[in-house]
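Just below is one structure, and these are the notes that go with it.
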Amino acid sequence: EKQAPVLDAIGDAGVAGVAGSDDSLKKSRWVPREKQGDDVLDCPEMGGGPEEGAGEAPSRVRMGSSDTIFILSYSIIMLNTDLHNPGVKNKMTIKEFIRNNRGIDSGKDLPGFFLQDIFEAIWHDEIRLHGDPEAAGNEGLVDDFFWEGILRRSESIDEFSTKLLLSETPPASTERDMLQVIMDCAPLPTLSLCYESVPDASVAIQAMTGFQDLAKINAYFGQADAVNSLVRVMCQYFSKSSSGGVLSVRSQIALRVAQECVAQHAPLFRETEWRTVLDVLLQLWALDLLPPHLSDFDDFAGIDGKPLESLCNLKPPFTPPAAREPHDPDAAAVADVGTSAKASRRDSTEVGDGFLEALTRWFEDETRDEDEDEIGVQRSGPLGLIDDLGGQHVVAGDGESLPVVSSDPAVVHQHVKLYVAKSGFVELFTASGISRLSPETLQILAKALVLLSRPTTWFSAGLSNGSSSPSASPSEPTRISGRAETLAADWHEVADPVFGLELLTNMTCMPMAPGQNVSQIWPLVSTHFERLLQHVIAGGEGTEKQFIERLIVNTLRLCIRLIGNPELVPTLLTLNQHLSKLPEGLFEAYSERIACGLLVLVQETSLPHSGLCTIFSLLRRISETPANIGACSAGIECLNHWLSDDGELSRLLSLQQFPELLATLKAFALQNRSTASATALGHLSSLVPQLARGARCLQSTNGTNWQALWVPTLHVLADIAKSGSQRSSAQAFVALQSLLLERGTELSVPWEELPFSAWKECHEQVL
């Protein structure tokens with residue numbers, strides 16, 4: 001009741017009440033100026049108000065803006081601290097208080113008698129939260145008193161939701177200034193210290209929640225730089241705390257908050273922030289926590305439907321812990337968490353909790369016996385969990401929240417993996433996540449992936465991708481020293497560029513949302529792939545066999561997915577032409593993979609004229625590797641696809657591709673004792689008779705008739721009979737006999753439709 005004048009003064013929006021219930025205050029409030037004390041007489045700004053002559057107090061003071069109330073409230077808090085804090089030696093005077101509040105009412109001054117009344121009320125009675133301290137001069141009790149008051153007050157008020165507040169009210173200048181004041185106080189070091197040093201899970205959770213709330217508020221006010229800085233810190237905390245292959249409680253806390261911020265603020269990211277996000281994904285892969293669609297790379301299957309044997313057999317460096325046997329007494333989760341632990345967890349993670357309350361609990365814990373503050377024994381495994389924080393944690397079986405603690409590391413790993421599969425890090429690299437990005441952000445992400453997908457050895461050799469980063473060098477996750485550091489560093493040197501190339505290809509092949517277009521990032525992507533291929537062709541591949549395999553596969557994937565876009569066809573075909581120029585040893589090693597990729601390409605797409613020329617060139621190069629039976633089989637299957645389908649064959653003939661077809665069949669037929677050779681010779685000997693006898697229903701072929709195809713086919717068979725191996729030469733000679741001399745058989749032609757002079761000329765040329 002003694003603070004009634006002050007509380008009334010700020011109680012109404014736009015109108016402040018000054019009435020009080022304390023008689024002594026009423027009597028002293030409107031003392032005429034000539035009867036006031038020296039401290040009042042020395043203040044020229046002080047006046048008695050509109051009713052000072054009568055010594056009666058006005059009941060209301062009207063204010064011009066609601067912002068005045070906020071400013072005055074803050075001023076009152078500062079006055080209360082100044083007058084009653086024993087650490088302040090020079091107390092504020094009435095004159096200073098009035099001067100500090102000059103012009104706060106939309107540029108006008110508040111009445112002097114009103115400010116005097118507030119000053120005197122605070123002077124006589126300190127504003128307290130609850131009750132009185134036990135004993136004057138006992139600072140420990142005073143501190144406990146205030147912290148206990150905050151706890152009781154937090155229990156009596158409604159839950160506070162930053163998200164709700166920011167979604168329902170527009171930003172104003174006052175709130176923006178308040179945010180600036182907070183950021184000027186440099187809260188990040190304080191939050192970092194609490195997260196890193198306080199051995200209490202609830203404090204670490206609230207410290208990370210503080211980072212998250214600051215990111216939300218800064219995003220609300222459009223402070224992109226501050227948001228990016230906060231997200232970068234949160235991601236780096238996870239990468240640092242899990243770099244040794246251990247899922248500690250701190251790392252789980254950082255992962256939970258970081259993924260929420262990444263999912264919410266990704267459209268604001270720059271290249272440095274994207275690289276930090278990619279570092280988190282790489283660390284999750286190293287811990288074997290990524291879902292299969294990100295950790296298992298797309299590849300082609302052989303013609304038998306079985307996966308091809310891959311040289312890129314990257315496995316996470318940290319082996320997941322094996323599940324313990326049911327009879328193992330340590331297999332159970334941390335016992336006795338009970339209802340109180342669940343309630344504690346719920347209170348510490350929901351929006352109603354506050355960072356200040358968590359600090360209060362910690363301060364209270366510091367006053368207890370030392371025995372109660374001992375941290376539990378740390379537990380770890382091959383990919384173990386370290387309970388590096390005190391407090392109680394609940395094992396959440398559905399993987400919906402973190403952190404989790406169990407004496408069985410396999411349980412923790414399983415639950416964290418379930419959580420990661422639903423997290424913002426994973427969702428961001430799906431079609432729905434990419435669709436939320438603006439074209440500018442999409443380009444920035446593509447640049448970050450280009451930088452990541454450059455092998456370190458190639459980069460040190462001077463390979464440039466024509467892109468620049470705003471930072472001097474990409475941020476790298478801090479890793480612990482020792483054997484784990486060496487193991488992780490060696491693995492990351494190989495895995496990072498492979499993973500970056502996969503994500504870049506996946507993103508480029510994804511369906512784009514309205515407003516997005518693959519052409520916005522295609523120049524960057526195509527240039528990057530072309531320079532990588534040129535580096536390999538020049539013999540600079542070194543020992544990066546795994547990366548080269550993924551480079552070849554992803555080049556074909558881009559062509560399969562994007563060949564239908566006319567704008568991209570020239571550059572796609574250029575990339576495929578580079579594949580045909582690979583060094584002999586490399587091409588032979590990856591020929592089966594190239595052939596299987598070409599088979600998917602010809603079966604699922606409609607290639608233009610220039611595209612067919614490129615495919616035939618690659619097939620002829622594949623025919624030069626007869627020892628690779630799988631490659632030759634897949635290559636001949638490409639030809640079977642065209643020759644067995646009347647529509648495809650008609651299209652080949654209409655595009656004047658018959659000479660290319662004959663040259664490719666000849667290349668396969670020249671092989672010795674292979675299935676591909678026999679199949680190619682069979683096509684050469686049967687195609688023209690089938691066309692001549694009408695066994696094939698072809699569409700219009702621009703006037704092409706079987707006589708025009710018969711002559712070049714005879715020449716190809718004659719070349720095989722002359723230059724081929726013993727077996728292929730004999731088979732070609734038999735085919736020539738059928739085409740030139742037989743009548744009434746499946747391989748003979750209708751002689752009545754062929755002039756004798758043409759037959760004689762061909763016969764002589766063949767002989």
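Take the range 738-767 and flag every residue that is free of Cβ contacts under 8 Å to residues at least 60 places away in the same chain, of a type in the set (D, E, K, R) and open to solvent by 90 Å² or more (accessible area, probe 1.4 Å).
Listed by number, the residues that qualify are Arg743, Glu752, Lys760, Glu761, Glu764.
Leu582 is checked against (1) buried (at least 19 other Cβ atoms within 10 Å of the Cβ); (2) assigned to a helix (DSSP H, G or I); (3) under 34 Å from the mean Cα position of the chain (by Cα) and fails just one. What number does that condition carry?
(2)
Do the conditions hold for Glu549, that is, is it farther than 26 Å from Leu314 by Cα and either within 25 Å of the chain's Cα centre (by Cα) or open to solvent by 50 Å² or more (accessible area, probe 1.4 Å) (or both)?
So Glu549 does not fit the description; no.
Testing Ser591 on (1) farther than 18 Å from Asp299 by Cβ; (2) assigned to a helix (DSSP H, G or I), one condition comes back false. Which one is that?
Among (1) farther than 18 Å from Asp299 by Cβ; (2) assigned to a helix (DSSP H, G or I), Ser591 violates only (1).
Just the residues that are open to solvent by 40 Å² or more (accessible area, probe 1.4 Å) and in contact with a helix residue (DSSP H, G or I) (Cβ under 7 Å, 6 or more places away or on another chain), please, taken from the range 278-300.
Of everything in the range 278-300, those that are open to solvent by 40 Å² or more (accessible area, probe 1.4 Å) and in contact with a helix residue (DSSP H, G or I) (Cβ under 7 Å, 6 or more places away or on another chain) turn out to be Phe297, Asp298, Asp299.
With respect to the numbered conditions (1) buried (at least 17 other Cβ atoms within 10 Å of the Cβ); (2) closer than 18 Å to Pro659 by Cα, which one is the sole condition not fulfilled by Asp719?
For Asp719, the exception is condition (1).
Looking at the range 731-767 only, could you name the residues that are within 12 Å of His715 (Cβ to Cβ) and among the charged types (D, E, K, R)?
Once the filter is applied, which keeps residues that are within 12 Å of His715 (Cβ to Cβ) and among the charged types (D, E, K, R), the range 731-767 yields only Glu761.
Do any residues in the range 722-733 that are farther than 10 Å from Leu681 by Cβ and among the hydroxyl-bearing types (Ser, Thr, Tyr) have Cβ atoms under 8 Å from those of residues that are open to solvent by less than 90 Å² (accessible area, probe 1.4 Å) and not in a helix (DSSP H, G or I), where the two are at least six apart or on different chains, and which pairs are they?
The qualifying pairs are Ser723/Leu670; Ser725/Leu670; Ser725/Gln671; Ser725/Asn672.
Please pick out the residue among Ile94, Ile76, Ile71 that is open to solvent by 20 Å² or more (accessible area, probe 1.4 Å), hydrophobic (A, V, I, L, M, F, W, C) and either within 51 Å of the chain's Cα centre (by Cα) or modelled with pLDDT of 50 or more (or both). Please lay out each step first, then the result.
Working: Ile94 fails: open to solvent by 20 Å² or more (accessible area, probe 1.4 Å); Ile76 fails: open to solvent by 20 Å² or more (accessible area, probe 1.4 Å).
Answer to the check: Ile71.
Look at the range 510-521 and say how many of its residues are open to solvent by less than 50 Å² (accessible area, probe 1.4 Å) and more than 20 Å from the chain's Cα centre (by Cα).
Qualifying residue count for the region: 1.
Residues checked against (1) of a type in the set (Gly, Ala, Ser); (2) open to solvent by less than 10 Å² (accessible area, probe 1.4 Å); (3) within 16 Å of Leu607 (Cβ to Cβ):
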{"position": "Arg651", "(1), (2), (3)": "no, no, yes"}
{"position": "Pro659", "(1), (2), (3)": "no, no, no"}
{"position": "Ala663", "(1), (2), (3)": "yes, no, no"}
{"position": "Leu670", "(1), (2), (3)": "no, no, no"}
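A quick yes/no check of all residues on (1) in a helix (DSSP H, G or I); (2) surrounded by fewer than 21 Cβ atoms within 10 Å (Cβ to Cβ); (3) at pLDDT below 65:
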{"site": "Arg454", "(1), (2), (3)": "no, no, no"}
{"site": "Ser475", "(1), (2), (3)": "no, yes, yes"}
{"site": "Leu501", "(1), (2), (3)": "yes, no, no"}
{"site": "Thr508", "(1), (2), (3)": "yes, no, no"}
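Can you tell me which of Ala446, Ala421, Ala431 is out of contact with any strand residue (DSSP E or B) (no Cβ under 7 Å at 6 or more places or on another chain) and under 12 Å from Leu503 (Cβ atoms)?
Ala446
Of the residues that sit in the range 477-499 and are open to solvent by 70 Å² or more (accessible area, probe 1.4 Å) and modelled with pLDDT of 50 or more, which one is nearest to the chain's Cα centre (by Cα)?
Glu493
Pro470 passes all but one of (1) open to solvent by less than 50 Å² (accessible area, probe 1.4 Å); (2) modelled with pLDDT under 85; which number fails?
Answer for Pro470: the failing condition is (1).
Using the structure shown, decide if Ser686 is modelled with pLDDT of 85 or more and polar (S, T, N, Q).
Judged against the criteria, Ser686 is a match.
Taking the stated definitions as given, is Phe658 over 22 Å from Ala634 (Cβ atoms), free of Cβ contacts under 8 Å to residues at least 12 places away in the same chain, aromatic (Phe, Trp, Tyr) and out of contact with any Lys or Arg (no Cβ under 8 Å at 6 or more places or on another chain)?
Against the criterion (over 22 Å from Ala634 (Cβ atoms), free of Cβ contacts under 8 Å to residues at least 12 places away in the same chain, aromatic (Phe, Trp, Tyr) and out of contact with any Lys or Arg (no Cβ under 8 Å at 6 or more places or on another chain)), Phe658 does not qualify.
Looking only at the range 249-277, which residues are more than 19 Å from Tyr419 (Cβ to Cβ) and either open to solvent by less than 10 Å² (accessible area, probe 1.4 Å) or not β-branched (Val, Ile, Thr) (or both)?
His265, Pro267, Leu268, Phe269, Arg270, Glu271, Glu273, Trp274, Arg275, Thr276
For the range 634-645, check the following and say yes or no: at least one residue is more than 19 Å from Leu681 (Cα to Cα) and not in a helix (DSSP H, G or I). Break it down into steps so the answer makes sense when it comes.
First, pick out the residues of the range 634-645 that are more than 19 Å from Leu681 (Cα to Cα): none.
No, the range 634-645 has no match at all.
The values are calculated or read from the model by the stated rules, or taken from the named source; none is laboratory data. Since the structure is predicted, the reported quantities are computational estimates derived from the model, not experimental observations. Positions of Cβ are generated from backbone atoms using ideal geometry, with glycine treated the same way; all protein chains shown enter the neighbour counts. Ligands, DNA and RNA are stripped out before the accessible areas are found, and what is left, the full protein with its side chains, is counted by its heavy atoms. Shrake-Rupley method; radii C 1.70, N 1.55, O 1.52, S 1.80 Å.
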